[in-house]
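The values are calculated or read from the model by the stated rules, or taken from the named source; none is laboratory data. Keep in mind that what you see is a predicted model, and the values were worked out from it rather than measured. Glycine also receives a Cβ, built like all others from the backbone with ideal geometry; neighbour counts cover every protein chain displayed. When the accessible area is computed, the model is the full protein with side chains, heavy atoms only, and any ligands, DNA or RNA have been set aside. Shrake-Rupley method; radii C 1.70, N 1.55, O 1.52, S 1.80 Å.
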Amino acid sequence: MQHPHVTLTIEQGIAWVELSRPEKYNALNYALFESIVKVQKIIAKRRDVRAVILTGSGGNFCSGLDVGSVMKSPMQAIKLLFKWLPGNANLAQRVSIGWRRLPVPVICVLEGICYGGGTQIALGADMRIAAPDCRLSIMEAKWGLVPDMAGLVGLRELVGKDIAMQLTMSAEVIDAEQAKAFGLVTQVSESPREAAKALALQLSTTSPDAIAAIKLSINKSWRAGERSLLARESLSQVRLLLGKNRVIAALRQTKDPDRPYRIRQAWWR
C-alpha cells in the first residue's frame, strides 16, 4: 500500500513501514509527516497485525526535517505545530509518539543517517536495531531549536539525564556502538532488517493480547506512581484471564504448540 513517501506492506502479521524519499535521505516534508500518521491509523485498525518494522529506503533511515520544503509554505509549518491543547500531540509529535500508542511492538531498523527528526521517530519505537554504519544525532540544537517531536518521551526512559543533556545540547553525531552503549539502540547487527524480522516473529509466538497489555503496562507505568501501576496490572490481568488467547497460550505450552492465536481483542488500543 503506497502513501506519499511511505510504503506499507503487511505479511506474516508483520507491518513493514518504509520511509521513501531516498533522493532526500528520507528527509521529512509535510507529505511524509501526514503519511506516517495515516499509516499509524491504518495499523491501529488492523487487529491481525502482530508487529511493526519501521525502516528507511536507500540505505538511510531519515536525515531529519526537510527545512527548505516545509518553510516554502508557512501554512505547512503552522499545521505541523498546531494543537488545540498544549498537552495534546501535534502532527510533528505524532510521527514519534504514535508508535508508542499502537498495541503492538514497533521495531525500528536504523541504517546510514538518522539525524534530528529521524532520531525523534526512532525514539518512538519500542526497540531499535542499528547497522554498524548507522550515525545518529539529536541535531535540533545545531539549528538553534529544541527537540520538539516527542522523542524526549522515549529518551528519558533510555538514558540518564546527563547523557540526554549532552546529546541534545551538543548535537553530537554518534555511531551505532556508542548509541548502544548509551542505551539509545537495542542491538547492533550486520543484517538489521533480518534481525528485526526474526525478533518480530519471535514476539508473534506470544499472545497478542498479552503483548498489548505488556506494552500498555510498561509505557503507562514506567514513571507512574505505585498505586496506578498496581491498578493497571490488575485490570490488564482480569482482561487477559477473560480472553480466549490466554487459554490458547496455555494449550500451546502443554498440548498444542502450533495452535494459532485469535486476533487481538478490540479493547487493547
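Considering only the range 204-226, I want to know if a residue exists there that is under 18 Å from I14 (Cβ atoms), open to solvent by 30 Å² or more (accessible area, probe 1.4 Å) and not in a helix (DSSP H, G or I). Checked the range 204-226: at least one residue is under 18 Å from I14 (Cβ atoms), open to solvent by 30 Å² or more (accessible area, probe 1.4 Å) and not in a helix (DSSP H, G or I). Of the residues making up the range 33-67, just one is of a type in the set (D, E) and under 27 Å from Y261 (Cβ atoms), namely D48.
Within the range 111-139, take every residue that is among the β-branched types (V, I, T) and under 12 Å from V173 (Cα atoms) and give me the one that is nearest to the chain's Cα centre (by Cα). Filtering the range 111-139 for residues that are among the β-branched types (V, I, T) and under 12 Å from V173 (Cα atoms), the one nearest to the chain's Cα centre (by Cα) comes out as T119. Residues in the range 229-251 that are open to solvent by less than 90 Å² (accessible area, probe 1.4 Å) and closer than 21 Å to D126 by Cβ: 7 in all.
Annotation note: Cβ proximity below 8 Å between a residue of the range 134-147 that is under 18 Å from D66 (Cβ atoms) and a residue that is open to solvent by 100 Å² or more (accessible area, probe 1.4 Å) (sequence gap 6+ or interchain) occurs for E140/V146.
Within the range 45-64, residues that are in contact (Cβ under 8 Å) with a residue 12 or more places away in the chain and acidic (D, E) reach partners that are part of a loop (DSSP other than H, G, I, E, B) and open to solvent by 10 Å² or more (accessible area, probe 1.4 Å) with beta carbons closer than 8 Å, at six or more positions or on different chains, in the pairs D48/G13; D48/I263. Among the residues making up the range 112-149, those that are in a loop (DSSP other than H, G, I, E, B) and buried (at least 18 other Cβ atoms within 10 Å of the Cβ) are G112, G116, G124, A125, D126, A131, C134, I138, M139, P147, M149.
Annotation: of all residues in the range 252-262 being open to solvent by 80 Å² or more (accessible area, probe 1.4 Å) and charged (D, E, K, R), the one that is farthest from I214 (Cα to Cα) is K255.
Here V52 meets the list (1) crowded, with 17+ Cβ neighbours inside 10 Å; (2) touching a Leu at 6+ places or on another chain (Cβ under 7 Å); (3) farther than 19 Å from R128 by Cα almost entirely, failing just condition (3). Answer yes if at least one residue in the range 30-38 is within 21 Å of I138 (Cα to Cα) and of a type in the set (V, I, T), and no otherwise. Checked the range 30-38: at least one residue is within 21 Å of I138 (Cα to Cα) and of a type in the set (V, I, T). No other residue among V67, V109 is in contact (Cβ under 8 Å) with a residue 40 or more places away in the chain, open to solvent by 50 Å² or more (accessible area, probe 1.4 Å) and more than 26 Å from Q265 (Cα to Cα) apart from V67. There is at least one residue in the range 150-170 that is under 22 Å from L32 (Cα atoms) and surrounded by fewer than 22 Cβ atoms within 10 Å (Cβ to Cβ). Could you list, in sequence order, all residues of the range 171-196 that are out of contact with any strand residue (DSSP E or B) (no Cβ under 6 Å at 6 or more places or on another chain) and crowded, with 19+ Cβ neighbours inside 10 Å? Result: L184, single match.
Screening P74, P22, P4 for residues that are open to solvent by 20 Å² or more (accessible area, probe 1.4 Å) and within 23 Å of P147 (Cα to Cα) leaves exactly one candidate, P74. Within the range 13-38, residues that are of a type in the set (S, T, N, Q) sit with their Cβ atoms under 7 Å from residues that are assigned to a helix (DSSP H, G or I) and open to solvent by less than 20 Å² (accessible area, probe 1.4 Å), at 6+ positions apart or across chains, in these pairs: N29/V70.
For the range 148-173, the tally of residues that are without any contact (Cβ under 8 Å) to a residue 60 or more places away in the chain and in contact with a Ser or Thr (Cβ under 7 Å, 6 or more places away or on another chain) stands at 5.
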